[in-house]
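Taking it in order: structure first as structure tokens, then the write-up.
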Amino acid sequence: MTKRVGIFVSGGGSNMRALVNDMTGDHPARPAVVVSNNADAGGIAWARAQGIATEVIDHRPYGRERASFETAITQALAPHALDIICLAGFMRVLTEGFVAPWAGRMLNIHPSLLPKYKGLHTHARALEAGDTEHGCTVHLVTPALDDGPVLGQARVAVHPDDTPETLAARVLVQEHRLYPAVLRRFAGRNTDPLML
Ligand code: GRF
């Protein structure tokens, strides 16, 4: 049966667009809803224009009440009957209360070769470390930040004249290849790591 995918974004949503654009034809999944904590996220406008359902849950009124914010997300998701969640540049940390019920069914893309550089500023950190290779990882989400079993990685060479911005741009191109390829396999029940 076709899997129903929810995609969580906070910003431009270029990874979300890559996922949506791939979910056609014989792909075992379809986009069911795009979720954001930010009503102004570019990805929300694009999803609406595609006729995809959207849900915006602003995190700000909840302050430090993460559990209440997550309950609101859970309530918004209910009518969409999701099988899989893809975090795609969703910039809110999700707690165990939300993550645990989705164990094995929630994916994230992170712009580093995990386990290196969990958290933010990954490109600058790779440059500071003098790495010759960098990239991105799709992994299953567990309660620990940017942790969980790796489902795929794509690598890029670091150039001597790279800045965090030029490196990020080349990694993003690979993110747009990797995430759709991993989701296609995952929705077809293949969890063997994909190394591009
Ligand atoms: C990507 O680099 C992703 O890996 C990171 O945030 C960025 C989101 O970009 N977590 P976009 O919103 O998909 O364009």
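The values are calculated or read from the model by the stated rules, or taken from the named source; none is laboratory data. Fair warning: this is a prediction, and the values are worked out from it, not measured in the lab. Note that we place each Cβ from the backbone using ideal geometry, even for glycine, and neighbour counts take in every protein chain shown.
Numbers below:
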read-out	value
Matching residues in the stretch 140-170 - criterion: being closer than 18 Å to residue 129 by Cα and touching a Gly at 6+ places or on another chain (Cβ under 6 Å)	155, 156
Hits in the stretch 148-180 (condition: surrounded by fewer than 18 Cβ atoms within 10 Å (Cβ to Cβ) and under 21 Å from residue 6 (Cβ atoms))	149
Test: residue in the stretch 27-43 that is closer than 20 Å to residue 105 by Cα, charged (D, E, K, R) and in contact with a Gly (Cβ under 9 Å, 6 or more places away or on another chain)	no
Of all residues making up the stretch 44-57, the number that are within 16 Å of the ligand (Cβ to nearest atom) and buried (at least 16 other Cβ atoms within 10 Å of the Cβ)	5
Selection count where residues are at pLDDT 95 or above, loosely packed, with under 14 Cβ neighbours inside 10 Å and either hydrophobic (A, V, I, L, M, F, W, C) or at positive phi (or both), scope the stretch 68-118	5
Answer from 147, 192 - the residue that is away from the ligand (no atom under 11 Å from the Cβ), out of contact with any Ser or Thr (no Cβ under 6 Å at 6 or more places or on another chain) and closer than 21 Å to residue 27 by Cα	192
Selection from the stretch 21-58 of residues that are among the β-branched types (Val, Ile, Thr) and touching a Lys or Arg at 6+ places or on another chain (Cβ under 9 Å)	24, 33, 34, 54
Condition check for residue 18: more than 15 Å from the chain's Cα centre (by Cα) and either modelled with pLDDT under 95 or of a type outside the set (Ser, Thr, Tyr) (or both)	no
Inter-residue pairs, beta-carbon under 7 Å, first under 25 Å from residue 12 (Cα atoms) and free of Cβ contacts under 8 Å to residues at least 12 places away in the same chain and in the stretch 90-119, second outside any loop (DSSP other than H, G, I, E, B) and away from the ligand (no atom under 11 Å from the Cβ), 6+ apart	117/125; 117/126
Residues (within 15 Å of the ligand (Cβ to nearest atom) and under 21 Å from residue 187 (Cβ atoms)) located in the stretch 61-93	85, 86, 87, 88, 89, 90
Enumeration of residues in the stretch 108-140 that are more than 10 Å from the ligand (Cβ to nearest atom) and β-branched (Val, Ile, Thr)	132
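Listed here are the residues, each with its yes/no results for (1) more than 16 Å from residue 176 (Cβ to Cβ); (2) in contact with an Asp or Glu (Cβ under 6 Å, 6 or more places away or on another chain); (3) away from the ligand (no atom under 16 Å from the Cβ).
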position	(1), (2), (3)
3	yes, yes, yes
17	no, no, no
20	no, no, no
26	yes, no, yes
30	yes, no, yes
39	yes, no, no
42	no, no, no
59	yes, no, yes
